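Just so it is clear, none of the values below were taken in a lab; they were calculated from the coordinates. In this text, all values refer to a predicted model and were calculated from it rather than measured experimentally. Positions of Cβ are generated from backbone atoms using ideal geometry, with glycine treated the same way; all protein chains shown enter the neighbour counts.
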Amino acid sequence: MTIRVHEKLLLTGAAGGLGRALRERLKANCKVLRLSDRADVGAAGPGEEVVLGDLADPVAVDAMVKGVQAIVHLGGVSVEGPFGPILQANILGVYNLYEAARKHGVKRVVFASSNHVTGYYRQSETINADAPPRPDGLYGVSKAFGEDLSRFYFDRYGIETACVRIGSSFPEPKDRRMLATWLSFDDLHRLITACLTTPVLGHSIVFGMSDNAVTWWDNSKARHIGYAPQDSSDIFRDAVYARTPEPDLTDPAVQFQGGGFVKAGPFTG
Ligand code: NAI
Ligand code: 15L
């Protein structure tokens, strides 16, 4: 199966944890991978180019988007915190990105949304893409904004987007919650590849998780994407149980899907 359907692909947030994990993997998806961040990403290697810039700056975003056919948008504030930086990177930044995509005729975007869009559902519930957002903080609200904005750009301008509500994408699950939310780097790449290559993406919401036995999310509304996870948190279960305490069922971080994010803040600034 060919996974190279775009000549030039933009990866924002290339200096971050997931950007670094995907840098090599995404080269298989394009002829040229354009790396962007406001932080240093090092020198461009073979099959790469670098266009740095701040997402809050429309001129910089225009330059990073111009000439690509598709975008994997990871850049932005990735945790709960003060509203100022979230506003700049995740709200103004995602608007700048879609405006540049519209101007330059980019037709497909994979948007790194987050499970924190629905963090106030309970860990005893299973939700699907039709469940209304219940963000667990300002970060989750900013990702819900990105999902809504991308839906508008699809309805008005036909730009297809996959809003990937990533669970917890790290080398291994760090705690018991992540046994449900874990997404391996290889499965993340499989999921992004599916979003980039499916013939008709439309505007879709898909939960970014591996094939974990315990799950709170039902991806049956995203079958058209063709994502088939091959990893599972289950191989880490015994080790995670051994090194973590019994959950306190009165703790909101244990009750709600968003975990510790439901207790973060308030922040000022
Ligand atoms: P990260 O924080 O390691 O990387 C984010 C990158 O965005 C950083 O390199 C940072 O310099 C860049 N950035 C921040 N503000 C910017 C701005 N104004 N202009 C340009 N670049 C800016 O985050 P990570 O873990 O790599 O996550 C990537 C994306 O995936 C984020 O959007 C995050 O919200 C989302 N996500 C990640 C999850 C995970 O488990 N790693 C879970 C859910 C969502
Ligand atoms: C996120 O949205 C964050 O970007 C990531 O750092 C993790 O905290 C993840 O959610 C999670 O819920 O585990």
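Whole-Hz ³J(HN,Hα) for each residue in region 161-174, computed from phi via Karplus 6.51 cos²θ - 1.76 cosθ + 1.60 with θ = phi - 60°, x for glycine and proline: what do you get?
Result, ordered by residue: 9, 9, 8, 8, 7, 5, x, 10, 9, 9, x, 9, x, 8 Hz.
Rounded, prolate or oblate: which fits region 181-269, taking a ≥ b ≥ c as square roots of the Cα gyration tensor eigenvalues, rounded meaning a/c under 1.5, else prolate when a/b beats b/c?
oblate
Test of the criteria: in region 50-146, which GluC sites (Glu not before Pro) are in a DSSP loop and have at most 13 other Cβ atoms within 10 angstrom of their Cβ?
Glu125
Measure out, as a whole number of angstrom, how far apart the alpha-carbon centroids of region 42-85 and region 161-188 sit.
22
Could you tell me whether the chain comes out rounded, prolate or oblate from its Cα gyration tensor? Rule is a ≥ b ≥ c as square roots of the eigenvalues, rounded for a/c under 1.5, then prolate if a/b exceeds b/c, otherwise oblate.
prolate
So between His104 and Glu246, what do we pick up on full extension, going 0.36 nm a residue minus the alpha carbon distance?
Taking His104 through Glu246 to full extension adds about 45.9 nm, to one decimal.
Cross-link partners among lysines for Lys31, C-alpha distance below 17 Å, same-chain residues fewer than 8 apart left out?
By straight Cα distance, Lys31 reaches Lys8, Lys66.
Under 5 Å between amide H atoms, partner at least 5 residues away or on a different chain: which partners does Ile205 have, H built in plane at 1.01 Å?
The list, which skips near neighbours in sequence, is Cys163.
Considering only DSSP states other than H, G, I, E and B, which trypsin sites (Lys or Arg not before Pro) in region 149-182 qualify as loop sites with at most 16 other Cβ atoms within 10 Å?
Those satisfying the criteria are Lys174.
Please check which bits of region 115-132 a label hung off Phe236 would reach, taking the label as a point 7 Å along Cα-to-C-beta and the cut-off as backbone N under 18 Å.
In region 115-132, the label zone of Phe236 (backbone N under 18 Å from the point 7 Å along Cα→Cβ) covers 115-116.
Once label points are set 7 Å from the Cα along Cα→Cβ at both Arg25 and Arg122, what is their separation, rounded to one decimal in nm?
For Arg25 paired with Arg122, the spin-label model returns 3.4 nm.
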